[in-house]
Structures are given as structure tokens and as C-alpha cells.
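First comes the structure, then the notes that go with it.
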Amino acid sequence: MSHWFADLSWPEIRRLVEQQPILLLPFAETEEHGPHLPVGCDTIIAERVALAVAQRVNPGIPTYVLPAIAYGYTPRAVQKWPGTFRVRWHVMVEYLADVCASVVEMGFKRLVVVSSHGPHGDVARLAAREVFDRTGVGVIITQPHAMLGARFKAIRKSRLGGACHACEYETSLMMHFGYAIDVSQLDDRDVVKTCNEWVAGDMVNGSGKVSWSTWALQESETGVYGDPSCATAETGAACMETIVEEYARFLKYLWDTPVSP
């Protein structure tokens, strides 16, 4: 059985509507990720997570992975390094809303966005509101790193500020996925220095009271924010296990929740 929506024909999709399955939409970006990670890092993470979740919950909870959105909004400052694509944020809001609305217009009512790119959290939430106003169906916005909770705090090797962009978290996941990444020449020079009660700074373990872009607070030397030097495949495996388990728990809750008429 294929878990990829794109492998289905239109008659198969028409029959699928009757089941009201859960559809996962990987929402990512193509951009620089330091000198050590591929520019497709965000998309790879979103797709790997979505596929692993679909494999975990099927066949009990019919779940399919939509084709990923691999380009999007990123701050202009990131274009300092090649490999970064930048779509204006308001274009992305409208684009994502149209994609999600198309899914709803087919007849599907359980749509979960798997957003693996930090700035896309805001984009996705705005798009979801637009889709609800248009269709009455609520699109659910999720981020894999938010599923980690206290687990990452227990296993991380970097200090606070070490997990933001091309960091211990993302590098560890990519190592777990089998990418040959040499961290011996990496260091913590671009660890996020502003981590306090106001600014989270740390993507995974932070808990700030305000939203303040790291790119505006601190200039990166290498295209990294955090500390990738202490990343390991073992940390990545533990992160992935927790992320998939938490998604599976949420999808069980979603499947047990009746869809709106």
C-alpha cells in the first residue's frame, strides 16, 4: 500500500473521500542550512516525518501524505548564502490557502499541515484562518519540533540557544536519516545568545513571551543558529521516535473526533 496521495488515481481519490482519511501536507522551504546540511533539509524532515507517521497509524487510521510544498518565505537576510529561495510571505499565505482549500473542495475534512520551517508557522496559521472563512473546515497546523516537549531537554548536548536553525536538532535528524555529515569541523560560534523570559531563542526548548526574529537579533557567520557540533545520529533517532509517537497520538484523537457536517 502506498501512503503517497500522488500515487492515487482520481477514481481512487473519489472513493477515498468516503473514508474521510487524514491527509498530511509537508510544508517546508529550500534554503541554506549552514556549511554542512543540504538546502532541502526542511523538506526532507517534513516528508520523512509525515511518511513515518502515516506508516505508523495505517491501516487503523487511514492517512496519506500530500506532495510537499518545498518553496516558501524566509527572511531576506538568509539569501546571503546561495541555495535560498524566497517567496513573499503574503504570496505564501494565499498559495497555501488555495492548496488547502482545494483539498477541502475535493471533500476531505481532516487536513494536517506538517510545517518544518520556522517562519512558516505564522504563514500557515494565517492560511488556515482563510480556509476556515472560505469553507468552514479547520486546517490543523503542526510543527515536528513542537512534538518533542521535554524529551529534547533530556537528551540534548547543546546548551540553551543550540537548537534553532541547522542546529543540533536538525543536524541530528539528518544524520539519523542516513546523511553523511561530518561535524568535526563545526563549532558553536553561532549559538543563539538571546534566550530569556522574553525571547525563546531556542526553537525546541525555548519559551519566550514575545516573537522576535533571531535573524534580526543576531547576525550569523556560517548560516547556522545553534550548535551542530554536538549532533549525533542517536539523538536524531530519539527525536524522531518521540515526534512520530506524539503525532500518532494526536492523529488517534483527530480520527476519533467526528468531522463537521
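Miscellaneous remarks
- The set of residues in segment 63-103 being within 25 Å of residue 14 (Cβ to Cβ), assigned to a loop (DSSP other than H, G, I, E, B) and either basic (Lys, Arg) or touching a strand residue (DSSP E or B) at 6+ places or on another chain (Cβ under 7 Å) (or both) consists of 66, 68.
- Against the test of being closer than 26 Å to residue 249 by Cα, basic (Lys, Arg) and in contact with a strand residue (DSSP E or B) (Cβ under 9 Å, 6 or more places away or on another chain), the options 151, 129, 125 yield a single qualifying residue, 125.
- Residue among 69, 61, 45 that alone is more than 22 Å from residue 170 (Cβ to Cβ) and of a type in the set (A, V, I, L, M): 61
- Residues within segment 186-214 that are closer than 22 Å to residue 44 by Cβ, open to solvent by 30 Å² or more (accessible area, probe 1.4 Å) and over 18 Å from the mean Cα position of the chain (by Cα), tallied: 1
- Just one of the numbered conditions (1) under 25 Å from residue 89 (Cβ atoms); (2) in contact with a Lys or Arg (Cβ under 8 Å, 6 or more places away or on another chain); (3) of a type in the set (Asp, Glu) is not true of residue 168: (1).
- Among residues of segment 119-142, those that are under 18 Å from residue 247 (Cα atoms) and either open to solvent by 40 Å² or more (accessible area, probe 1.4 Å) or hydroxyl-bearing (Ser, Thr, Tyr) (or both), counted: 4
- Test: residue in segment 238-250 that is assigned to a loop (DSSP other than H, G, I, E, B), out of contact with any strand residue (DSSP E or B) (no Cβ under 8 Å at 6 or more places or on another chain) and closer than 24 Å to residue 29 by Cβ: no
- Whenever a residue of segment 1-16 is over 16 Å from residue 50 (Cα atoms), its partners that are hydroxyl-bearing (Ser, Thr, Tyr), lying with C-beta atoms within less than 8 angstrom and at least six residues away or across chains, give the pairs 8/2; 8/64; 16/64.
- Any pair with Cβ under 7 angstrom, 6 or more apart, that starts in segment 104-116 at a residue that is open to solvent by 10 Å² or more (accessible area, probe 1.4 Å) and ends at one that is at pLDDT below 95 and of a type in the set (Val, Ile, Thr): 109/259; 110/259
- Residue in segment 215-245 that is farthest from residue 181 (Cα to Cα), counting only those that are open to solvent by 60 Å² or more (accessible area, probe 1.4 Å) and under 17 Å from the mean Cα position of the chain (by Cα): 245
- Tabulated pairs, segment 247-261, first within 19 Å of residue 17 (Cα to Cα), second open to solvent by less than 50 Å² (accessible area, probe 1.4 Å) and of a type in the set (S, T, N, Q), C-beta under 6 angstrom, 6+ apart or interchain: 259/20
- Residue 179 being of a type in the set (Ser, Thr, Tyr) and in contact with a Cys (Cβ under 7 Å, 6 or more places away or on another chain): no
- Among the residues listed as 48, 14, the single one being touching a Phe, Trp or Tyr at 6+ places or on another chain (Cβ under 7 Å) and more than 19 Å from residue 75 (Cα to Cα): 48
- Qualifying residue in segment 13-26 (condition: touching a Pro at 6+ places or on another chain (Cβ under 8 Å) and assigned to a loop (DSSP other than H, G, I, E, B)): yes
- Top-ranked residue in segment 17-39 [being free of Cβ contacts under 8 Å to residues at least 60 places away in the same chain and not charged (D, E, K, R); ranked as surrounded by the fewest Cβ atoms within 10 Å (Cβ to Cβ)]: 19
- Residue that is most open to solvent (accessible area, probe 1.4 Å), among those in segment 144-183 that are without any contact (Cβ under 8 Å) to a residue 24 or more places away in the chain and in a loop (DSSP other than H, G, I, E, B): 180
- Pair list, Cβ < 7 Å and 6+ apart or interchain, from segment 184-212 residues that are within 16 Å of residue 149 (Cα to Cα) to residues that are outside any loop (DSSP other than H, G, I, E, B) and open to solvent by 40 Å² or more (accessible area, probe 1.4 Å): 205/153
The values are calculated or read from the model by the stated rules, or taken from the named source; none is laboratory data. Note that the structure is predicted; figures quoted are calculated from it, not measured. Using ideal geometry, Cβ is built from the backbone for each residue, glycine included, and neighbour counts are taken over all protein chains shown. The accessibility values were calculated without ligands, DNA or RNA, using every heavy atom of the protein model including side chains. Shrake-Rupley method; radii C 1.70, N 1.55, O 1.52, S 1.80 Å.
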